[in-house]
Amino acid sequence: MSATLVTLINVELFWSKVKILGPDDCWEWQGWKDKDGYGGFANIHNTTIKAHRTTWVLTYGEIPDELQVLHTCDNRPCCNPNHLFLGTPLDNMRDMIRKGRMASPEQTVCRGEDNGLAKLTWKLVHEMRADYVPGVEPMYISAMKYGISRSEFGKIINNQVWKE
C-alpha cells in the first residue's frame, strides 16, 4: 500500500469511523469488519483496505512490501497508531507465540491420547506391548483386537510411535 492512499480515500470519512479515545486506549473501528475481525474501508475504487493498515499509512507513511502492520494490543479492530508497529510475518508469528495467542511449533502437534483423533490410550499401548509375543499370534490378529491396522500395531510394538 503506497503513500498515495491518501488520494484514494476520504480521510475525513475514514477517521469518522474510528472511535477515538485516550492515547493509550484502543481506538476501535466502527465500520465493516471482515470474518477475522479486522476493520475494512473501501477506497474510491471500491477496493477494501484494512483499517489498521490505512491508519499506519495516514499516520506514518508507506508500508514496505515485506512488512505487515501488527498490533501491540492484539485487538484487531484497533486503529490507534500508538498500538501499531511494523514487522515481518516471522515477527508476527513470534509475537503471537510470545503472547500465548498461538502454540509454538513444538506444541501444535498433539501426541498420544492428547490427540483428539487417537483411538488408543497409554493404558492400551502398555497392554499391547506387555501382551504381544512374536510368533504366538499373527500381528494382524492382535491389531484387530485393538481396532488398528497391522502396520500401526507393529509401529507401536517396536516403539516407532507412542514413544515414551
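Every read-out reported here was derived from the displayed coordinates using simple, explicitly stated rules and does not represent laboratory data. In this text the structure is predicted, and so the values were computed from the model without any measurement. Reconstructed Cβ throughout: ideal geometry from the backbone, glycine too, with neighbour counts over all protein chains shown.
Observations on the structure shown:
- For segment 7-90, the alpha carbon convex hull comes to 98 Å³ per residue, rounded to a whole number.
- Helix-only mean residue ellipticity at 222 nm for the chain, each DSSP H run of n ≥ 4 adding -39500 (n - 2.57), per residue, nearest 500: -9000 deg cm²/dmol
- Most mobile listed residue (HIS83, HIS126, HIS52) in the chain, GNM with C-alpha springs under 10 Å: HIS126
- Summing Lys and Arg as +1 and Asp and Glu as -1 over all other residues whose Cβ lies under 14 Å from the Cβ of THR88 gives a net charge of -3.
- For the pair ASP131 and ASP24, the difference between a 0.36 nm per residue extended length and the Cα-Cα distance amounts to 32.2 nm.
- Of ASN75, ASN92, ASN46, the one that fluctuates the most in a GNM where the chain has Cα springs shorter than 10 Å: ASN46
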